[in-house]
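Beneath this line is the structure, given in structure tokens, with notes to follow.
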Amino acid sequence: MTTARTGTTPLALFDTDRLLSADEREIASSVRKFVDAKLRPHVADWFDEGALPREIAQEFGSLGLLGMHLDGYGCAGMSAVEYGLACLELEACDSGFRSFVSVQGSLSMFSIHRYGSQEQKQQWLPRLATGEAIGCFGLTEPDFGSNPSGMRTHARRDGGDWVLSGSKMWITNGSIADVATVWAQTEEGVRGFLVPSGTPGFTANPIKGKLSLRASITAELAFDEVRLPDSARLPEATSLSAPLSCLNEARFGIVFGALGAARDSLATALDYAATREVFDRPLSSFQLTQAKLADMTLELGKGYLLAVHLGRIKDDHAIAPDQISLGKLNNVREALAIARECRTILGANGITLGYSPLRHANNLESVLTYEGTSEMHMLSIGRALTGQQAFR
Ligand code: TGC
Ligand code: FAD
């Protein structure tokens, strides 16, 4: 028997729930309820004001969203797919919320969990998991974003201490963080350091005037001869591959997260097209509108299938960085295209904060750029296919 699916949602048309276990569906649903109750009513104001209340960290912590895919130290120990679904639900409201959770869990906490000493893990991870403490991750510099191997921030040994100098740029949560994971060149190669806020010589200044990710704090970090004990160094991090391995975790969350922004944009456009009358008929009844809706639904659904597939590979501990590049490149690129196309359906109303698609599109401009620009991921895929690197 065939069933007409009149008025269905894009993902229901793909029957994507069939891909998920009952536990996975439950996690997505509980994060969605939290987002709808606690974040959605405020998001337009926070975006407008360029603000993100610090208390949100503890709300995320109480839901188990911080370091959610890590084990021990108060972390929830969830699967990659469960983490991805939470990212999707957060980003369905705003990329800034997913970014907060990505940076805290996948960059700050993961760097400590994977490369830290027992003392560093005990000191920071439980507080980062509850949101009592906030972490940030400083890799990018003003002159070295796509190519972090050129970083100028450096640390030199001075007796039993290290002296850290340099600067980091575009650091999410940088000016509200209690601890920064900072990557620096040393005579022994790239090393990571945990720098608590308030350490003499360490300053963090918020970056103003952003047109994207406004409900997220972004800062510049400066280190002027910051003296650190050797116990501040992440002992297991011994080359550039350490920070790059942290990026895999955050990029994976984005593979799912970007789909949330796309899903919400499409839902908004569908609702609008159903009620907006043009030329005496609902906008949704015109063929051009339906063609847009059908094409966007295809890309959203294909992106979801890709995300779950990559999540299953990650849960089998078999995922390669190039495979994450496939997902990050495709899903962010398509989410951005969907958000922009949805904005066209909303006409002039679409340029206001009253509707989400342009806010999502503006946010996705950052998501396309951070965690490896789309060009970097194209080049990674190109290298995997040809065996030749074309980065330099
Ligand atoms: P390359 O020679 O390829 O690699 C150096 C060493 O690192 C290893 N490696 C990786 N290991 C784990 N995961 C990865 N994804 C890795 N990529 C490379 C590699 O095997 C090698 O190891 P070894 O043992 O042989 O030394 O390095 P390269 O200098 O040629 O650079 C390659 C390139 C361009 C792909 C890399 O530099 C890159 O990924 N650039 C993009 C930088 C980037 O994504 N930055 C993100 C900063 S954090 C951020 O944006 C947070 S946004 C907020 C949020 O997430 O919400
Ligand atoms: P560039 O590297 O200067 O690139 C400029 C352009 O050149 C891009 O289109 C790029 O793709 C292209 N390009 C570069 N190299 C090549 C090449 N070989 N071939 C062809 N094209 C090339 N960083 C952190 O460390 N921590 C954070 O928490 C963090 N949060 C961020 C939050 C926001 C809102 C933003 C916008 C950025 C954040 N970043 C963070 C920085 C981000 O990772 C970098 O912006 C990104 O890696 C790109 O670096 P860049 O901006 O210096 O661009």
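Size descriptor for segment 139-222, Kirkwood hydrodynamic radius: 13.4 Å (Cα pairs only, one decimal). Once you divide the Cα radius of gyration of segment 1-117 by 2.2 N^0.38 Å, the number left is 1.21. Lys-Lys pairs in the chain that are eight or more residues apart or on separate chains and whose Cα atoms lie under 22 Å of each other come to 6. A Gaussian network model of the chain, with springs between Cα atoms under 10 Å, assigns the largest mean-square fluctuation among 223, 286, 193 to 286.
To the nearest ten degrees, helix 241-275 and the longest principal axis of the Cα atoms of the chain are 20 degrees apart. Computed extension length for residue 294-residue 230: 17.3 nm, one decimal, from 0.36 nm per residue of separation with the Cα-Cα distance subtracted. Relative to the longest principal Cα axis of the chain, at what angle does helix 321-345 sit, 0 to 90 degrees, rounded to 10? Around 40 degrees separate the two axes.
Label-to-label distance, residue 340 versus residue 38, with points set 7 angstrom from Cα along the beta-carbon direction: 3.5 nm.
Over the residues of segment 181-255, compute the C-alpha Rg and express it relative to 2.2 N^0.38 Å.
Numbers: Rg = 14.7 Å, N = 75, 2.2 N^0.38 = 11.3 Å.
Normalised by 2.2 N^0.38 Å, the Cα Rg of segment 181-255 equals 1.30.
Dipole of segment 115-266 computed with +1 at Lys/Arg Cβ and -1 at Asp/Glu Cβ about the Cα centre; of 174, 207, 144, farthest Cα towards the positive end is 207. Length gained on full extension, residue 62 to residue 152, computed as 0.36 nm times the residue gap minus the Cα-Cα distance: 28.6 nm. Taking 0.36 nm per residue of separation and subtracting the Cα-Cα distance, full extension of the segment from residue 305 to residue 388 would add 27.0 nm.
To one decimal place, what orientation-averaged projected area in nm² is obtained for the convex hull of the Cα set of the chain? Working shown, then result.
On the way: hull surface 82.7 nm².
Convex hull of Cα atoms, orientation-averaged projection: 20.7 nm².
Post the alpha-carbon centroid distance, segment 251-281 to segment 14-84, in whole angstrom. First find each Cα centre; the distance between them is then 20 Å. Helix 287-315 and the long axis of the chain differ in direction by around 40°, with both axes built from C-alpha atoms.
Bear in mind that the values in this text are calculations on the coordinates, not laboratory data. What you see is a predicted model, and the numbers here were worked out from it, not measured in a lab. A quick note on method: Cβ atoms are made from the backbone with ideal geometry, for glycine too, and the neighbour counts reach across all protein chains shown.
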